[in-house]
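Since the structure comes first, as structure tokens, the remarks are kept for the end.
The values are calculated or read from the model by the stated rules, or taken from the named source; none is laboratory data. Quick caveat: nothing in here was measured; it's all calculated off a predicted structure. For neighbour counting, all protein chains shown are included, and Cβ atoms are generated from backbone atoms with ideal geometry for every residue, glycine included.
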Amino acid sequence: MVRTNSEQYWLFKSEPDCYSIDDLAQAPQQTARWDGVRNFQARNFLRDQVAAGDRVFFYHSRCKIIGIVGTAIVSRASYTDPQQFDPQSPYFDAKSSAEAPRWFCVDITLTKKFAQTVTLDQIKQIQALDEMVLRKQGRLSIQPVTQREWQTINQLAT
């Protein structure tokens, strides 16, 4: 894929009881594989558009305080998610093969943990964020963020 913009922005969702920003902060070199994505639209973003150097909002969902808790950078571009081949993994996919993998992942590295969560309620109140994918297609685990949305949310986080 040929990229038209060298900087892209994303929002990656995780349930903090599954994997939190604190887990990323404690990982070696504060870097971890972002895997287990099993939605085809999110998979397509990971496989076809997310690239090394892209900026990521880390979003906690299904928890007491839902929202963006920090930022990361994509430190390794898309590669085959190894969990799809492991029958012991909850992300095993019997229809996937090494020759024709169905699922992909990236590595991310923590860049900043916010002092306070930028909550979903805050995001819903900001007119500049009216068109944000999060507000229109909230359940998608990997979603694009515009440069304007990136800047607006980072201002809220300061």
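With a requirement of 1 or more residues that are on the phi > 0 side of the Ramachandran plot, out of contact with any Asp or Glu (no Cβ under 6 Å at 6 or more places or on another chain) and surrounded by 14 or more Cβ atoms within 10 Å (Cβ to Cβ), the strands (runs of 3 or more DSSP E) lying completely within the stretch 56-155 that satisfy it span 67-80.
Restricting attention to the stretch 8-40, report how many residues are of a type in the set (Ser, Thr, Tyr) and within 13 Å of THR111 (Cα to Cα). Number satisfying all stated conditions: 1. Quick one: would you say ALA72 is in contact with a Leu (Cβ under 6 Å, 6 or more places away or on another chain) and of a type in the set (Gly, Ala, Ser)? Yes; evaluated as a whole, the condition is true for this residue. The residue that is surrounded by the fewest Cβ atoms within 10 Å (Cβ to Cβ), among those in the stretch 1-55 that are among the aliphatic types (A, V, I, L, M) and in a helix (DSSP H, G or I), is ALA25.
The residues listed here are ASP130, ASP81; of these, the one that is under 16 Å from ARG38 (Cβ atoms) and at pLDDT 95 or above is ASP81. Within the stretch 129-151, residues that are under 21 Å from PHE104 (Cα atoms) reach partners that are hydrophobic (A, V, I, L, M, F, W, C) and part of a loop (DSSP other than H, G, I, E, B) with beta carbons closer than 9 Å, at six or more positions or on different chains, in the pairs SER141/VAL37; ILE142/VAL37; ILE142/VAL50; GLN143/MET132; VAL145/MET132.
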